[in-house]
Amino acid sequence: MNLVPLKRMPTQLFRSATLEIDTDFTAEDPLAFDYLGQQVGNWLFRGFTTRTSRAQYYCVVLYGLHLAEVAIQQYGYPGDDKTRSLLFERWERFWALATLESRGGTLERGDPDGMRGVRGAQAAWIGGDRALRLDYPLISRQVELGGMGAYLSSLREYGLVFKGTLRVTPLAKPFVDFFWTSKTKSSGNRYERYALKALDLERRTIPRAVSGLSLKRVGDRSRLTAVKKRPDQQERLWSILFAQAKDGSTLPISQQLVSADNDGEVVIEQILRGILRNKWGEVDSTVEQRVRAAIAFGKLSTHLLSCFDRAYGYVDSHGWIADFRHVASAAFPESESATTRNLCNAVQKASGCRKFGELKFHGPQFLSLVSKLMDAGPAEALEYLLAFHVAVQRTRRGSGAWFRREKTKLVMQVVGYGGFRKEQHFPSFKLNVVRRLLADLGRLNDD
């Protein structure tokens, strides 16, 4: 293809077609570093995900799965997982309404009681004494995006839900028995009877009070901040999620987070560096290896994403087509060549980074990129980085590369990426998730 200069400005403008709704394309993650950073977070905290940030949600999901089992027996429903999912969704919608009732229908953005699907619940909740609908849409794809979808893999990892099922294990019994109260199991029976009415699939509404028990009271006892007034549940959650964690790093790193918080240190990179310096006590070789890998990857991924952003920004500012070598000079200036080399060297020296080679997606290609960048000039470095970007895009069910090379030119194919205008930050590696859990459990200050 040859580029031909236009004799006049075009009279029509066109935009590229939007991507299909089901693609895995993530506009802000052109190099899959968000995905790779999540894998590093898994090495540090195997039992948690980026969505398991609230302690009470563990109890809510466990109790909902238990309640589904009770409802199957009481109402004679089929004992299959499809039915359990349907019943859990009913429980989650009931619980969301109870939370809103507890808070008078008001939950602002960022509120500590804000649940998954809060906007759907707010649309269904109305003030007054009238019964509330149970068949409202809480959240699109509630099974995947609601509480069960967010916490199920973690609950299975910790042995609280049987793997491959939606049934709680005996380990979950204390969380279920004392979900409503720290007293005796029987003292929560009237709450359970109320909640079971919501799982009656013949019902379309739920009254605001049953046998003298109000929906507000249900919300007071079960909303996300309720665990902060329940030292017994806090201790149970701490014990199983942290003290008994078997990955070798969740407990020691969490203890370091508590000490760092006491020192007023909240910056992720500085916390990790402090751990390596034994600032808050010694750690074993397993923790040191994983933390060192996290720092090395974090520094390099932030740097390379900034290089990609500079390339994108240069092409964007030159009418979506620019000289390849000029783009390369903008992305990988000679003044930063030593920085790139040193950051790549740190990844190669960190033994924990070898685990990237074991990943099914992106990891082996990332290590190959690191090796190639060690001695690359600006043009070569950009070629290698864009080749890695193309490899990433190929795994995303047909999503195409954002650039194409035309002889000496680089042409933009995907417009609308806004990440190049923002400063890239060091990854969190789930430390912020764990900090939020620790705050819920009263282990550190609640921000």
### Query
So which residues in segment 245-259 are within 23 Å of the chain's Cα centre (by Cα) and either without any contact (Cβ under 8 Å) to a residue 40 or more places away in the chain or not in a helix (DSSP H, G or I) (or both)?
Ala245, Lys246, Asp247, Gly248, Ser249, Leu251, Pro252, Gln255, Gln256
### Every residue from segment 296-316 that is crowded, with 23+ Cβ neighbours inside 10 Å and among the β-branched types (Val, Ile, Thr)
Val315
### Message
Considering only residues that are farther than 17 Å from Asp247 by Cα, open to solvent by 40 Å² or more (accessible area, probe 1.4 Å) and assigned to a loop (DSSP other than H, G, I, E, B), which ones fall in segment 266-288?
### Response
Val266, Val267, Arg277, Asn278, Glu282
### Message
Anything in segment 417-447 that is open to solvent by 40 Å² or more (accessible area, probe 1.4 Å) and of a type in the set (D, E, K, R)? List them, or say none.
### Response
Arg421, Lys422, Glu423, Arg436, Arg443, Asp446, Asp447
### Message
For segment 275-286, check the following and say yes or no: at least one residue is touching a Leu at 6+ places or on another chain (Cβ under 8 Å) and not hydrophobic (A, V, I, L, M, F, W, C).
### Response
no
### Query
Does at least one position in segment 396-403 carry a residue that is open to solvent by less than 60 Å² (accessible area, probe 1.4 Å) and in a strand (DSSP E or B)?
yes
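Every residue, every condition in (1) surrounded by 14 or more Cβ atoms within 10 Å (Cβ to Cβ); (2) in contact (Cβ under 8 Å) with a residue 60 or more places away in the chain; (3) under 17 Å from Thr205 (Cβ atoms), yes or no:
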| position | (1), (2), (3) |
| --- | --- |
| Ser53 | yes, yes, no |
| Arg109 | no, no, no |
| Trp125 | yes, no, yes |
| Arg130 | no, yes, yes |
### Message
Every residue in segment 323-367 that is polar (S, T, N, Q) and either under 25 Å from the mean Cα position of the chain (by Cα) or open to solvent by 30 Å² or more (accessible area, probe 1.4 Å) (or both), please.
### Response
Ser329, Ser335, Ser337, Thr339, Asn342, Asn345, Gln348, Ser351, Gln365
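The values are calculated or read from the model by the stated rules, or taken from the named source; none is laboratory data. Values in this document were obtained by computation on a predicted structure and should not be read as measured data. Positions of Cβ are backbone-derived with ideal geometry, glycine not excepted, and every protein chain shown enters the neighbour counts. Surface areas here come from the heavy atoms of the whole protein model, side chains and all, with no ligands, DNA or RNA. Shrake-Rupley method; radii C 1.70, N 1.55, O 1.52, S 1.80 Å.
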